[in-house]
Amino acid sequence: MNWRGALRVTSRRGWASATSSGRSRPRGDYRGPRPGVGRAYIDRFMDAHRADFVGRALEVREAHYCARFAERLTSVDIVDIDPALPEVTIVADLSHMPEVASDSFDLAVVPQTLQYIFDGRLAVGELHRVLAPGGVLLLTVPSCEQIRMYEGFEADYWRYTCRAVDALFAPFAQREVVSCGNCLAAIAKFRGVAAFKLGRRLWADDPAYPVIVAARAVKEGVPAPRPGGAPAGAGDRFDPAPPPQ
């Protein structure tokens, strides 16, 4: 489907199209109870790798996914530069975490964070350092998203491609980088449309039009035994099918 076709589809659904609404900006981000387009892709990716949520975990800002997949986690730390956040246990910048010992975690969960760090290589290097041998990094970044300009998110530096993320993940022994999204989903995201309104078209990933880039990387080395008998890095490969409802 070309861009004109995508806009016609959105118009038939009752959405304000970019060519007919008379607006140069959307009415605002989607704020409803169901996931927006970007969150739907992140949820799908994390759900596909729920087997990696084992042992000692580190998550950024809040225990969103570690709380969702907590069954086999033995501990969870939350890292952020903002000490006022209620769940934070480690106050640090991801690109410089001297407070955290090397080889401390079996899992690091870093959704939608790297775009706020000017030197992503430093952050990925620090995440590699604090992961134990065989530890897993699950990370997502925006490829197609508005620039965040409200308080607390002024330093919004980057949008990423799959190739860029793969290059950043060079320190890791194993890595898988996937493109999530398509042209229609990108239009819906910018128009503030809920993900469910796209139906199954949401899941037709087109690498030419990524909305989210998601990556799973495994640190080199032999992992220690983990609860439940699952070795570190035992998550399945990403399945682009939608998550179970």
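Just so it is clear, none of the values below were taken in a lab; they were calculated from the coordinates. Note that this is a predicted model, so its numbers are computed, not measured. With ideal geometry, Cβ positions are generated from the backbone for all residues, glycine too; neighbour counts draw on all protein chains shown.
Three principal axis extents of the range 52-131 based on alpha-carbon atoms, in descending order, are 34, 26, 21 Å.
Simple spin-label estimate for R201 and R129 gives 4.7 nm between the two label positions (7 Å along the Cα-to-Cβ direction from each Cα).
Of the residues F196, F105, the one with the fewest other Cβ atoms within 10 Å heads the list, and the complete ranking is F196, F105.
Note the direction-averaged projected area, equal to a quarter of the hull surface, for the Cα convex hull of the range 140-194, in nm². Spell out each step's value before the answer.
Working: hull surface 20.2 nm².
Mean projected area for the range 140-194: 5.0 nm², to one decimal.
Here's the picture: charge each Lys and Arg Cβ at +1 and each Asp and Glu Cβ at -1 in the range 45-102, and of F45, A101, V88 the one pushed furthest to the positive end of that dipole is F45. Entry note, the range 65-143: relative contact order of 28 percent, from Cα contacts under 8 Å with a spacing of 6+ residues. Relative intensity of the range 73-207 on a log10 scale, I(q)/I(0) at q = 0.11, 0.14 Å⁻¹, equals -0.48, -0.76, per a Debye sum over C-alpha point scatterers of equal strength in the absence of solvent. Between V222 and D156, the FRET efficiency estimated from the beta carbon spacing at R0 = 45 angstrom works out to 0.70.
Annotation note: GluC sites (Glu not before Pro) in the range 118-221 located in DSSP loop regions with a Cβ neighbour count of at most 13 within 10 Å are E151, E154, E220.
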